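See below for the structure under consideration.
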Amino acid sequence: MPAKASSSVVTAKKIPRREGLAVGVGLATVDLMCVVPRAELRLVEMSVFSMQGGGSAANMLSVLSILGVQGRYFGRVGDDDFGHFIERTLKQLDIDTSLLIKEKGKVSPVAIIQIDELSRRRKVLLSRGNVTPLSTRDLPDRLLDGASLLCIDGSQPALQAAVAERARAKGITVLLNASQLSGGMGELLALSDIVVGSERFANEFAPSDELSESLREITRLGPRVAVITMGEAGAVALEGTKLVQQDAIDVFVADTTGAGDAFCGAFAYA
């Protein structure tokens, strides 16, 4: 069966916008989704191909936008076809991209996601491109104007720590999407009001036989709310002394790419 090619444009029933603005600082990519019947063969004809916007920060803002929250994205991409695609997909969701920096002669971040048609197992090949890393000198003065929420993903720890400090000084809630442990995560946790981490992150950062103890260890660093996602087992969260466990919604799983980011976006909206 020939591959079905598509460009992802998310549509949803229009939901009234909430007050406030969500700002996202972090990774935005182009995701090339490839579904294949037998990945180990030398030459494989894809059954499905889709080119989509991706990246943790961009995904969180996309979910928030679909749910009715105004969004603004800040980052740097290449002035190439992929960079223009990233900008276009964000704009299609009415996310403000006026602060997006497009660097001439550079390659934008891209991920090739290979999904086994039968097992649904996936393999991700990620390139962050060769755009110049952002520094605190690049932060726009109006980045947080009107914001009530800052979404960060740990992909640029020093930059995101600087933004988080500014947000905290302005009374803006900071949400950290901690999918995996990386350098500088301790400082980001200390600057965050809410952290949503994967089970893998919790096991690496605060290993314990009990997830409740891992959550306590995370909140000791500063966040008032800590959440651990557990895939099909649902999620568990701690706020103060209140521990809450939530079962996963029973849905058909086609692919888990971006599932954690979608959870973060929906949690931020709630």
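The values are calculated or read from the model by the stated rules, or taken from the named source; none is laboratory data. No experiment lies behind these values; they were computed from the predicted model shown. Every residue, glycine as well, gets a Cβ built from its backbone with ideal geometry; the counts of neighbours run over all protein chains shown. Keep in mind that these areas ignore ligands, DNA and RNA; they rest on the heavy atoms of the full protein, side chains included. Shrake-Rupley method; radii C 1.70, N 1.55, O 1.52, S 1.80 Å.
Hey, if you put +1 on the Cβ of every Lys and Arg and -1 on every Asp and Glu Cβ in the chain, which of 208, 234, 178 ends up farthest toward the positive end of that dipole? Among 208, 234, 178, the one farthest towards the positive end of the dipole of the chain is 178.
Within the accessible area of region 81-205, the carbon and sulfur atoms contribute 48%, probe 1.4 Å, all protein chains present. Positive-end ranking of 133, 35, 119 along the dipole of the chain, with charges on Cβ about the Cα centre, is headed by 133. Under the criterion of Cα pairs below 8 Å and six or more residues apart, the relative contact order for the chain equals 17 percent. Here the calculated FRET efficiency for residue 165 and residue 250, from their Cβ-Cβ distance with R0 = 45 Å, stands at 0.65, rounded to the nearest 0.05. Solvent-accessible surface (1.4 Å probe) assigned to residue 106 amounts to roughly 60 Å². With Rh defined as the Kirkwood radius, the inverse of the mean 1/r over Cα pairs, the Rg/Rh of region 209-254 is 1.05.
If R0 is taken as 22 Å, the Cβ-Cβ distance between residue 128 and residue 180 corresponds to a FRET efficiency of 0.90. Once the mean of 1/r is taken over each pair of separate Cα atoms and inverted, the chain shows a Kirkwood hydrodynamic radius of 19.3 Å. Would you kindly calculate the mean projected area, averaged across all directions, of the convex hull enclosing the Cα atoms of region 160-210, in square nanometres? Hull-based average projected area comes out at 3.5 nm².
Starting from the exponent 0.38 and prefactor 2.2 Å, build the expected Rg for region 137-270 from its residue count and divide its actual Cα Rg by it. The partial results should precede the final answer.
Values: Rg = 14.8 Å, N = 134, 2.2 N^0.38 = 14.1 Å.
Ratio of Cα Rg to 2.2 N^0.38 Å: 1.05.
Magnitude of the charge dipole for the chain, about its Cα centre and with charges confined to Cβ atoms of Lys, Arg (+1) and Asp, Glu (-1), is about 640 debye.
Taking a sphere under 13 Å around the Cβ of residue 132 and counting the other residues whose Cβ falls inside, with K and R at +1 and D and E at -1, yields a net charge of +3.
Taking every DSSP bridge with both residues inside the chain, close to 40 percent are antiparallel.
Compute, for region 156-270, the length of the dipole vector about the Cα centre, with Cβ point charges of +1 (Lys, Arg) and -1 (Asp, Glu) only. Units Debye, rounded to 20. Don't skip to the end; give the middle numbers.
Numbers: 8 positive and 15 negative charges, 131 e Å.
The dipole of region 156-270 has a size of about 640 debye.
A 1.4 Å probe over all protein chains sorts 187, 45, 217 by accessible area into 45, 187, 217, starting with the largest. Surface listing: 102, 123 arranged by accessible area from highest to lowest gives 123, 102, probe 1.4 Å.
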